[in-house]
Amino acid sequence: TLIWRGEMSDRNGNPDFVLRVENPLPIRLPAGIMTVYDQTGYLGDAAFPDLVPGANADVLLGADHRVLVTETVSEQSTERRVSVYQGTVQISERWVHTTEYHVRTTSGDIPALTIIHPNRPNWEITETSLVTDQNAGTPQVSDADLYRLELPAGTETLQDHEEWPRIEVLQISDLAHERPCSVVADRVRRDDRTRLAQILAAMQQRDRLQ
């Protein structure tokens, strides 16, 4: 199995070649060094873990330099609303984070790849799509902090889209004058813009009288 561990940063690298080993015997298998071969010949040596009967483990054989993964990320606010209500400014916005994993090989034959993708608090995966526009399926949660994204053989690109809706409530009276002015410049409804401008004018007059 080839595994790429996502870090949500722009980078290139080689995925790890990982072997799943099992102990079907009724006796414990002690730790040691195992030598691995496939149909092409010798692949390398790896540290074999101590396995009790029925146990299994993933063994890291090393990086597969025949495969290169490019990880790119982007993040933007796609929707922002500002409203004024009972002396407060309420800012709601929807942030979208996109991670793209692009796979290529020297031979052109792209193998199946497992991506371990971070699961961040407050963010929700809304879509995973392949370069062929086929649905990549529902990401499998391997634990509280990670998702497993399975790319079938032949897949060049996977895009992962996550969203985080944020709401911020600010007391107008507690804000410096510069902050309300910046809020006014955002996409505010006309009636809220008028009300906020009136509040700002009153705040300025109050400051002059103090």
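Here are a few things to note about the model shown:
- The range 145-157 residues that are closer than 15 Å to I125 by Cα, paired with ones that are surrounded by 20 or more Cβ atoms within 10 Å (Cβ to Cβ) and modelled with pLDDT of 85 or more (beta carbon under 7 Å, 6 or more apart): L146/H117; Y147/H117; L149/I115; L149/H117; L149/L158; L149/D160
- The C-beta contact set for the range 20-36 (first residue over 19 Å from L61 (Cα atoms) and basic (K, R), second residue assigned to a loop (DSSP other than H, G, I, E, B) and at pLDDT 90 or above, distance under 8 angstrom, 6+ apart or interchain) comprises R28/D50; R28/V52; R28/P53.
- The strands (runs of 3 or more DSSP E) falling completely within the range 119-167 that include 2 or more residues that are within 18 Å of T78 (Cβ to Cβ), within 16 Å of the chain's Cα centre (by Cα) and modelled with pLDDT under 80 map to 124-130.
- Any hit, the range 94-108, residues being touching a strand residue (DSSP E or B) at 6+ places or on another chain (Cβ under 6 Å), assigned to a loop (DSSP other than H, G, I, E, B) and under 30 Å from Q159 (Cβ atoms): no
The values are calculated or read from the model by the stated rules, or taken from the named source; none is laboratory data. Remember, predicted model here, so these are calculated numbers, not experimental data. Virtual Cβ from ideal backbone geometry, glycine too; neighbours counted across all protein chains shown.
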